[in-house]
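These notes are about the structure you will find just below.
Every number here is computed from the coordinates shown, using simple stated rules; none is lab data. What you are looking at is a predicted structure, and each value in this text was computed from that prediction instead of being measured.
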Amino acid sequence: MHEYFIVQNILKITEELMKKYPGKKIVKVVLLIGRYSGVEPDLLKSALEFFKKESPLEEAEILIEIEDFKIRCKDCKKDFSKEKWDLSCPFCDSFNTEVISGEKILLKTLELMDAN
């Protein structure tokens, strides 16, 4: 159900951004969703399609890109991807690691064109 609140925030952000671009309309939006963001991409897209009526996204194509879960080892300095929630380094077996991507949601791109 938190997809609904994410949609509300996306709509609010796009409404604020469009105030800076009078006479333009959004034709495409690209969202980047981390594999471990806790968001179900299909549910988010369905919710956006439903709630975008009478918003700046009303005519926009909505694309969702999935960002892999990437981790950096602080000991051996190598970056790696994981398919499951496992923070151990496959190179040196260290747990001294940090997540560098795959946990966030990002409004990556808005494509605009003249509204006329």
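Summary table below
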{"read-out": "Integer Hz, Karplus 6.51/-1.76/1.60 couplings in order for the range 97-112, x for Gly and Pro", "value": "10, 9, 6, 10, 6, x, 10, 10, 10, 9, 7, 7, 9, 10, 9, 10"}
{"read-out": "Under 5 Å, built H, 5+ apart or other chain: amide partners of residue 78", "value": "73"}
{"read-out": "Value of [θ]222 nm, deg cm²/dmol, for the chain, DSSP H segments ≥ 4, -39500 (n - 2.57) each, nearest 500", "value": "-8000 deg cm²/dmol"}
{"read-out": "Placed amide H near residue 108: partners under 5 Å, 5+ positions off or other chain", "value": "30, 31, 32"}
{"read-out": "Along principal axes, Cα extents of the range 2-114, largest first, whole Å", "value": "55, 25, 18"}
{"read-out": "Potential extension, residue 58-residue 21 segment - 0.36 nm per residue separation minus Cα distance", "value": "11.7 nm"}
{"read-out": "Linear extension gain, residue 30 paired with residue 12, 0.36 nm per residue minus alpha-carbon span", "value": "4.9 nm"}
{"read-out": "On Cα atoms only, tilt of 2-18 relative to the major axis of the chain in degrees", "value": "60 degrees"}
{"read-out": "Interchain or long-range residues, amide H under 5 Å from residue 101's placed H", "value": "70"}
{"read-out": "DSSP bridge pairs, the chain: antiparallel proportion in percent, nearest 5", "value": "70 percent"}
{"read-out": "In degrees, nearest ten, helix 41-51 long axis to first principal axis of the chain (Cα)", "value": "20 degrees"}
{"read-out": "Derived scalar couplings ³J(HN,Hα) [the range 31-39; Karplus, 6.51 cos²θ - 1.76 cosθ + 1.60; whole Hz; x for Gly, Pro]", "value": "10, 10, 10, x, 4, 10, 7, x, 10"}
{"read-out": "Cα centroid of the range 98-114 to Cα centroid of the range 1-61, whole Å", "value": "11 Å"}
